[in-house]
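Scroll down for the structure; my scribbles are underneath it.
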Amino acid sequence: MEEKSFVDPRPPFAGLGAKAPETLFGALPTPCYILDEACLLQNGRLLAGLSERTGCKILLAQKAFSNYDLYPLLSPYLAGTEASGLYEARLGREEMPGGEVHVFSAAYRKDEFEELLLYADHIVFNSPRQLARFGPRAKAAGKSVGLRVNPRCSTQEGHALYDPCAPGSRLGVTRAAWDAAMTPELVSLLDGLHFHTLCEQDADALEVTLAAVERDFGDVLARMKWLNMGGGHHITRPGYRIGLLEKCIRAAREKWGVQVYLEPGEACALNAGYLAARVLDFVENGGITTAILDASAACHMPDVLEMPYRPPLYGDGEGDGYPFSYRLAGPTCLSGDVIGDYRFASPLKENQLLLFGDMAIYTTCKNNTFNGMPLPAIFLWKVNHSLLPLASFGYTDFKERLGSGRPLSFSGGSSESAQLDPGFGKK
Ligand SMILES: Cc1ncc(COP(=O)(O)O)c(C=O)c1O
């Protein structure tokens with residue numbers, strides 16, 4: 001396979017056109033993330049079309065993608081942002097200022113709640129207890145108040161880590177818990193209900209889930225202003241059944257008269273980014289050749305180990321045309337810092353550039369500096385094919401998360417509690 005004439009047509013690499021990664025990105029320092037502006041725009045347009053046709057409002061779930069330099073690009077297509085707590089709520093308010101800010105947290109903190117009220121428009125609680133504790137204050141501040149429900153409907157198998165409906169889940173109020181704790185006063189605080197039960201799923205799973213929501217909470221929904229159907233909708237994936245999603249949204253609107261919200265993370269930035277890495281070395285053991293890269297699964301693509309999954313790699317394939325097998329792995333001390341096993345048309349070479357696909361989501365917002373690994377720089381590959389550096393990191397970013405070496409002021413605690421050493425930080 002001659003790389004220059006090779007075109008990888010798979011969705012994670014469709015944005016590259018007929019250009020080889022080395023030609024496009026060979027000048028960049030590795031490892032680095034490259035966000036693809038054209039693909040982000042394409043996702044934005046698709047989501048905006050859905051909103052226009054159905055009247056639903058779509059929020060960016062920032063936990064998946066919070067590269068805020070791109071918020072101005074995405075904001076014309078979205079109604080706002082979704083946050084998991086104070087910092088994301090503030091980021092959404094600051095960086096997508098015209099949009100709504102919705103927040104859901106499994107539990108809010110008393111010492112953060114007043115500040116949260118400055119940023120959030122919708123506040124979704126996870127339990128009747130938290131609703132009782134903070135709901136009246138949120139309401140008095142003019143916020144739209146919601147409760148997350150758990151429709152006890154698992155639509156994915158063998159994936160408890162990502163299944164909020166797994167047995168014993170702490171996420172969302174079941175109907176039994178509702179019946180046990182929801183007084184008329186608490187119900188009167190509510191403007192809407194929220195559920196999030198899907199993960200990288202199609203609209204058929206939503207259809208099944210909606211029937212379960214209706215079974216458990218249909219009577220309540222008739223009294224609500226909005227229904228937030230969470231994330232996990234893989235709307236921008238090729239072949240996604242968008243017609244069925246539209247049917248689900250319209251059915252909810254017609255049945256309960258609610259404003260429907262969706263808060264996808266993945267779908268906003270799906271297949272809209274890459275991680276570029278180079279081969280540092282090869283190691284042979286037991287018939288397996290491992291290529292050690294300057295990128296790490298554990299540090300730079302943690303979902304590869306957490307989910308786990310094998311990320312798409314430009315130019316890998318199956319069958320007779322791909323006779324050269326390698327295990328790709330990171331340079332850290334972790335034995336399991338393995339990205340996956342891949343097959344190539346020609347032998348890998350030292351310093352060769354490798355390009356992993358679909359790397360805009362759950363990467364830059366989730367990476368870490370374990371082993372003192374550098375954080376990859378972030379570039380934007382613009383529609384005009386120029387490359388814009390968005391962020392770069394160095395030793396200080398690693399060091400400053402671990403300490404300061406300076407005296408810090410500390411207030412709080414009682415005379416009984418441990419006291420700071422007055423010499424702390426003095427060198
Ligand atoms: C409450 C909530 N909303 C939205 C999302 C975004 O999900 P996804 O990125 O799979 O679309 C998540 C993901 O965990 C979530 O927990």
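Of note:
- Test for ARG223: is it within 16 Å of the ligand (Cβ to nearest atom), within 27 Å of PHE104 (Cα to Cα), out of contact with any strand residue (DSSP E or B) (no Cβ under 7 Å at 6 or more places or on another chain) and part of a loop (DSSP other than H, G, I, E, B): no
- Test: residue in segment 153-176 that is touching a residue at least 60 places away in the same chain (Cβ under 8 Å), of a type in the set (Gly, Ala, Ser) and more than 14 Å from the ligand (Cβ to nearest atom): no
- Checking ARG327 against (1) in a loop (DSSP other than H, G, I, E, B); (2) touching a residue at least 12 places away in the same chain (Cβ under 8 Å), the condition it does not meet: (1)
- Contact map, segment 81-94: first residue under 17 Å from TYR362 (Cβ atoms) and within 16 Å of the ligand (Cβ to nearest atom), second residue among the charged types (D, E, K, R) and at pLDDT 95 or above, Cβ cut-off under 6 Å, separation 6 or more or different chains; pairs are GLU82/GLU263; SER84/LYS63.
- Within segment 332-374, being aliphatic (A, V, I, L, M) and part of a loop (DSSP other than H, G, I, E, B) holds for LEU334, ALA345, LEU348, MET359, ALA360, ILE361, MET373.
- ASP397 fulfils the conditions (1) surrounded by 12 or more Cβ atoms within 10 Å (Cβ to Cβ); (2) at pLDDT below 95; (3) of a type outside the set (Gly, Ala, Ser) except for a single criterion, (2).
- Out of THR155, THR174, sole residue that is in the same structural domain as ALA251 (by TED's automatic domain parsing) and surrounded by fewer than 19 Cβ atoms within 10 Å (Cβ to Cβ): THR174
- Looking only at segment 42-70, and only at residues there that are within 17 Å of the chain's Cα centre (by Cα), within 16 Å of the ligand (Cβ to nearest atom) and part of a helix (DSSP H, G or I), the one that is nearest to ASN228 (Cα to Cα): LEU47
- With respect to (1) without any contact (Cβ under 8 Å) to a residue 40 or more places away in the chain; (2) farther than 30 Å from GLU254 by Cα; (3) assigned by TED's automatic domain parsing to the domain that holds LYS247; (4) surrounded by 17 or more Cβ atoms within 10 Å (Cβ to Cβ), the lone exception for ALA20 is condition (3).
- Selected residue [acidic (Asp, Glu) and not assigned by TED's automatic domain parsing to the domain that holds LEU171] from ASP219, ASP281: ASP281
- Any hit, segment 180-202, residues being at negative phi, within 16 Å of the ligand (Cβ to nearest atom), surrounded by fewer than 16 Cβ atoms within 10 Å (Cβ to Cβ) and outside any helix (DSSP H, G or I): no
- Taking segment 77-145 and the helices (runs of 4 or more DSSP H) fully enclosed by it, the elements with 2 or more residues that are assigned by TED's automatic domain parsing to the domain that holds GLY44, in contact with a helix residue (DSSP H, G or I) (Cβ under 9 Å, 6 or more places away or on another chain) and of a type in the set (Gly, Ala, Ser) are at 86-95, 128-140.
The values are calculated or read from the model by the stated rules, or taken from the named source; none is laboratory data. Keep in mind it's a predicted model, so treat the numbers as computed, not measured. Neighbour counts run over all protein chains shown; Cβ positions are idealised from the backbone, glycine included.
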